[in-house]
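Chemist: Structure in structure tokens, see below.
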Amino acid sequence: MERRLLNYQADRIEMVLAAHKAPARVWGGRLTARTIQFHIAPAANTKLARLESLTNEIALALGVSNARVTRTDGTLSVEITRIDARTVSLTDLKTRFQSDKMLARAMSSPGTAILGTDAEGVPLLLRLSSPEVAHCLIAGTTGSGKTELARTIIASLILNQRPRDLQLALFDPKMHGFAPFAQMPHLLFSIVDQTDEMIIRLSYLVAEMERRDRDQITRPRIVIVLDELADALQTGGAQVESLLTRLVQRGRSAGISVIACTQKPTARAVGSLMKANFPVRLVGRVASAEDARVASGIAGSGAEKLAGRGDFLLIASGQLIRFQAAYTRPDEYKNLLCNPAPNLARDETGMQFIQRLRRVK
């Protein structure tokens, strides 16, 4: 991006703030894959609330759809979406991980998945085996990249971990989001798309969780991924909600993690008990500030102003991290999944274990 344009935009920001009696100086900035951040130093008498109230005026002056004021480690910034926004390729990240022994070792740990890159371009990982993580809620409207992020997590687990170390239970009511993984050896059973079968499979997983908990078994790690959580709760009713609630309440100690996606992150649609048991939230663009509060669990996250298409916030332990989710085109999955990491070739022991579990009814 041309420095001349960046300088022009910085001048416009200063001009707008000065015109509305909220003077501030742009002293630096940062380019990410999807955004431009202008670091600002407000005058001593300029209140943060005043700056936040002027985001629409700043967006209008810069000719962009929206702007937001962010604060990271004491640095205040005005953030806008890049016109020449770029995607983060899962294939490129895979190559990067294979060439870095430390990253490759981290990714081989069961339940560790790639999310994308943070504002500094550093790969961001999700470690489901961590006691502080265990379960994860992905929220975002249509076009936010919610299902694509779930696919990225699933693909990175398959690419870097052996079937004998990791099992996947996929629930896809619309039967198109997780279709690329239908033939993967990591699947505990075929992808579930019907409500009646969902109840049967969730009941089995609860029974397996209780057995593991009783026998103190945590391997192989089981990762349950459910697309369209709100719809599943609506069609499956109290029975599905009860089963899922038991899994997120007690699954951690049995080596079972739940990743649930929803485009309706409202308290009524998701339920307070379900939300309370997801310590990690991955929040894309949502419809309103209230949806942002419910989805993220904190006020003022600004998720309603995200750019969409993979622009996400990670909220965990009270911390908020902006990141760009890694993306793979649907037609690329076949080639990607046919070439796992060299040290993760299928072994017969793992395949036999998968086949035995598949016969459980």
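The values are calculated or read from the model by the stated rules, or taken from the named source; none is laboratory data. This is a predicted model, so every value here is computed, not measured. So basically every Cβ, Gly included, is an ideal-geometry build from the backbone, and we count neighbours across all protein chains shown.
Chemist: Can you confirm whether the range 316-339 contains a residue that is more than 12 Å from the chain's Cα centre (by Cα), at pLDDT 85 or above and not polar (S, T, N, Q)?
Modeler: Yes; the residues of the range 316-339 include at least one that is more than 12 Å from the chain's Cα centre (by Cα), at pLDDT 85 or above and not polar (S, T, N, Q).
Chemist: Out of (1) within 19 Å of the chain's Cα centre (by Cα); (2) modelled with pLDDT of 90 or more; (3) surrounded by fewer than 23 Cβ atoms within 10 Å (Cβ to Cβ), the odd one out for Asp196 is which?
Modeler: Asp196 satisfies all of (1) within 19 Å of the chain's Cα centre (by Cα); (2) modelled with pLDDT of 90 or more; (3) surrounded by fewer than 23 Cβ atoms within 10 Å (Cβ to Cβ) except (1).
Chemist: Restricting attention to the range 139-167, which residues are closer than 13 Å to Cys261 by Cα and in a loop (DSSP other than H, G, I, E, B)?
Modeler: Of everything in the range 139-167, those that are closer than 13 Å to Cys261 by Cα and in a loop (DSSP other than H, G, I, E, B) turn out to be Gly140, Thr141, Thr142, Ser144, Gly145.
Chemist: Could you say which residue among Ala104, Ala85, Ala67, Ala134 is among the small types (Gly, Ala, Ser) and closer than 30 Å to Leu244 by Cα?
Modeler: Values: Ala104 fails: closer than 30 Å to Leu244 by Cα; Ala85 fails: closer than 30 Å to Leu244 by Cα; Ala67 fails: closer than 30 Å to Leu244 by Cα.
Of the residues listed, the single one that is among the small types (Gly, Ala, Ser) and closer than 30 Å to Leu244 by Cα is Ala134.
Chemist: Checking the structure you have, find out if any residue of the range 201-211 is under 19 Å from the mean Cα position of the chain (by Cα) and either in the same structural domain as Ala155 (by TED's automatic domain parsing) or under 24 Å from Glu132 (Cα atoms) (or both).
Modeler: Start the filter on the range 201-211 by keeping residues that are under 19 Å from the mean Cα position of the chain (by Cα), which leaves none.
Within the range 201-211, not a single residue is under 19 Å from the mean Cα position of the chain (by Cα) and either in the same structural domain as Ala155 (by TED's automatic domain parsing) or under 24 Å from Glu132 (Cα atoms) (or both).
Chemist: How many residues are more than 15 Å from Arg281 (Cβ to Cβ), modelled with pLDDT of 90 or more and not in a helix (DSSP H, G or I) if we restrict to the range 227-264?
Modeler: 4
Chemist: How many of the residues in the range 6-50 are within 28 Å of Gly284 (Cα to Cα), without any contact (Cβ under 8 Å) to a residue 12 or more places away in the chain and among the aliphatic types (A, V, I, L, M)?
Modeler: Residues meeting the conditions: 1.
Chemist: Considering only residues that are among the charged types (D, E, K, R) and in contact with a strand residue (DSSP E or B) (Cβ under 7 Å, 6 or more places away or on another chain), which ones fall in the range 303-337?
Modeler: Narrowing the range 303-337 to residues among the charged types (D, E, K, R): 304-305, 309, 311, 322, 329, 331-332, 334.
Matches in the range 303-337: Lys305, Asp311, Arg322.
Chemist: State yes or no: is Gln239 surrounded by fewer than 17 Cβ atoms within 10 Å (Cβ to Cβ) and within 22 Å of the chain's Cα centre (by Cα)?
Modeler: Considered against the rule, which asks whether it is surrounded by fewer than 17 Cβ atoms within 10 Å (Cβ to Cβ) and within 22 Å of the chain's Cα centre (by Cα), Gln239 comes out as no.
Chemist: For the range 159-190, how many residues meet the condition of being crowded, with 20+ Cβ neighbours inside 10 Å, of a type in the set (A, V, I, L, M, F, W, C) and over 12 Å from Ile222 (Cα atoms)?
Modeler: Of the residues in the range 159-190, 4 are crowded, with 20+ Cβ neighbours inside 10 Å, of a type in the set (A, V, I, L, M, F, W, C) and over 12 Å from Ile222 (Cα atoms).
Chemist: How many of the residues making up the range 293-340 are surrounded by fewer than 15 Cβ atoms within 10 Å (Cβ to Cβ) and farther than 15 Å from Leu115 by Cβ?
Modeler: Residues flagged as surrounded by fewer than 15 Cβ atoms within 10 Å (Cβ to Cβ) and farther than 15 Å from Leu115 by Cβ within the range 293-340 amount to 11.
Chemist: Give Met107, Met15, Met102 a once-over and let me know the one that is closer than 25 Å to Gln324 by Cα and either surrounded by 14 or more Cβ atoms within 10 Å (Cβ to Cβ) or over 26 Å from the mean Cα position of the chain (by Cα) (or both). Step through it out loud before you land on a result.
Modeler: Details: Met15 fails: closer than 25 Å to Gln324 by Cα; Met102 fails: either surrounded by 14 or more Cβ atoms within 10 Å (Cβ to Cβ) or over 26 Å from the mean Cα position of the chain (by Cα) (or both).
After applying the criteria, what remains is Met107.
Chemist: Would you mention how many residues in the range 69-85 are out of contact with any Ser or Thr (no Cβ under 9 Å at 6 or more places or on another chain) and either surrounded by 16 or more Cβ atoms within 10 Å (Cβ to Cβ) or modelled with pLDDT under 85 (or both)? Give the steps one after another, and end with the answer.
Modeler: Going through the range 69-85, the residues out of contact with any Ser or Thr (no Cβ under 9 Å at 6 or more places or on another chain) turn out to be 72-75, 83-84.
After this cut, where a residue has to be either surrounded by 16 or more Cβ atoms within 10 Å (Cβ to Cβ) or modelled with pLDDT under 85 (or both) as well, the list is 72-74, 83-84.
Within the range 69-85, residues that are out of contact with any Ser or Thr (no Cβ under 9 Å at 6 or more places or on another chain) and either surrounded by 16 or more Cβ atoms within 10 Å (Cβ to Cβ) or modelled with pLDDT under 85 (or both) number 5.
Chemist: Looking at (1) touching a helix residue (DSSP H, G or I) at 6+ places or on another chain (Cβ under 6 Å); (2) surrounded by fewer than 23 Cβ atoms within 10 Å (Cβ to Cβ); (3) among the aliphatic types (A, V, I, L, M), which is the one condition that is false for Val283?
Modeler: (2)
Chemist: From the list Gly177, Gly140, Gly145, which residue is small (Gly, Ala, Ser) and over 20 Å from Glu332 (Cα atoms)?
Modeler: On the way: Gly177 fails: over 20 Å from Glu332 (Cα atoms); Gly145 fails: over 20 Å from Glu332 (Cα atoms).
After applying the criteria, what remains is Gly140.
Chemist: From Ala230, Ala276, Ala238, Ala254, which residue is touching a strand residue (DSSP E or B) at 6+ places or on another chain (Cβ under 6 Å) and small (Gly, Ala, Ser)? So that I can check it myself, show each step before the final result.
Modeler: Details: Ala276 fails: touching a strand residue (DSSP E or B) at 6+ places or on another chain (Cβ under 6 Å); Ala238 fails: touching a strand residue (DSSP E or B) at 6+ places or on another chain (Cβ under 6 Å); Ala254 fails: touching a strand residue (DSSP E or B) at 6+ places or on another chain (Cβ under 6 Å).
Being touching a strand residue (DSSP E or B) at 6+ places or on another chain (Cβ under 6 Å) and small (Gly, Ala, Ser) holds for just one of Ala230, Ala276, Ala238, Ala254, which is Ala230.
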